[in-house]
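Heads up, the thing below is written out as structure tokens.
The values are calculated or read from the model by the stated rules, or taken from the named source; none is laboratory data. Note that this is a predicted model, so its numbers are computed, not measured. We place every Cβ from the backbone using ideal geometry, glycine too, and count neighbours over all the protein chains shown. Only protein heavy atoms, including side chains, enter the accessible area calculation; ligands, DNA and RNA are left aside. Shrake-Rupley method; radii C 1.70, N 1.55, O 1.52, S 1.80 Å.
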Amino acid sequence: MVKWTDQERKIINGIFAGMNYDDIGPKALCRCLIVYPWTQRHFAGFGNLYNAEAIKSNERIAQHGITVLHGLDRALKNMDNIKATYTELSELHSEKLHVDPDNFRLLADCLAVVVAAKMGSAFTPDTQAALQKFMNVVVSALGKQYH
């Protein structure tokens, strides 16, 4: 079980409370698909992903980025039991979708970059540490069903 300090909880909740999901979600997923093009294989049914502009203008990608961020709301509400919270999502991604679990880490890193760009100087080392810890727990939970 992960131990959270009161400060970490405050930082994480503050980041997400001030986040525009409709902006950050699509930017994070687009960044992941552009920077790590091999992750695109899981989105073959989403239409044209042939270049960065096509990815950035793809409505299905944008919507999925928003969905991913709303999926993190479950972790926010269950910070003391994130692994159990994501059991079904982990099974879906491992058993049905066959998503490489490393892709979760790549997306988490892209989310951190986008959040840092939005927050500017408010994205302090303590803020980054709390966000990275939170995302590492989520990534671990999503990957737990993999063999």
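Put simply, the amide H of residue 100, placed in the peptide plane, has no neighbours under 5 Å, leaving out anything fewer than 5 places away on its chain.
When only Cα pairs under 8 Å and 6 or more residues apart are kept, what is the percent relative contact order across the chain?
Relative contact order, the chain: 32 percent.
Which of the pairs 27/83; 77/133; 27/77 have their Cα atoms more than 18 Å apart in this structure? Violating the 18 Å Cα-Cα cut-off are 27/83; 27/77. The helix-only estimate of mean residue ellipticity at 222 nm for the chain, built from DSSP H runs of length n ≥ 4 each weighted as -39500 (n - 2.57), is -20500 deg cm²/dmol after division by the residue total.
Put 80, 126 in order of accessible area, highest first, and with a 1.4 Å probe you get 126, 80. Taking the chain as a Gaussian network of alpha-carbon nodes connected by springs under 10 Å, the highest mean-square fluctuation of the residues 41, 105, 31 belongs to 41. The accessible surface of the chain, taken with every protein chain in place and a 1.4 Å probe, is 54 percent carbon and sulfur. Take the alpha carbon gyration tensor of the chain, find the square roots of its eigenvalues, order them as a ≥ b ≥ c, and report rounded if a/c is under 1.5; if not, report prolate when a/b exceeds b/c, else oblate. Oblate is the answer for the chain, as a/c is 1.5 or above yet b/c matches or exceeds a/b.
Residues considered: 72, 107, 33. Largest GNM mean-square fluctuation over the chain, using C-alpha springs under 10 Å, is found at 72. In order along the range 74-81, the phi-based Karplus estimate (6.51 cos²θ - 1.76 cosθ + 1.60, θ = phi - 60°) of 3J(HN,Hα) comes to 4, 5, 4, 7, 10, 4, 8, 8 Hz; Gly and Pro are listed as x.
Looking at the chain, the accessible area is 56 square angstrom per residue; that uses a 1.4 Å probe and ignores ligands, DNA and RNA.
Karplus-based coupling profile of the range 57-62, in residue order and whole Hz: 9, 7, 5, 5, 5, 4, with θ = phi - 60° in 6.51 cos²θ - 1.76 cosθ + 1.60 and x standing for Gly or Pro. Taking Lys and Arg as +1 and Asp and Glu as -1, the other residues whose beta-carbon sits under 14 Å from that of residue 112 total +3.
Structure remark: mean-square fluctuation, Gaussian network model of the chain, C-alpha springs under 10 Å; the largest value among 115, 35, 68 belongs to 35.
When cysteine pairs in the chain are screened for C-beta atoms closer than 4.7 angstrom, the residues that find no partner are 30. In a simple Cβ point-charge model (Lys, Arg +1; Asp, Glu -1; nothing else charged), the chain has a dipole of about 100 debye relative to its Cα centre.
Taking amide H positions as modeled 1.01 Å from N, with prolines and chain starts lacking one, no residue 5 or more places away or on another chain lies under 5 Å from residue 123.
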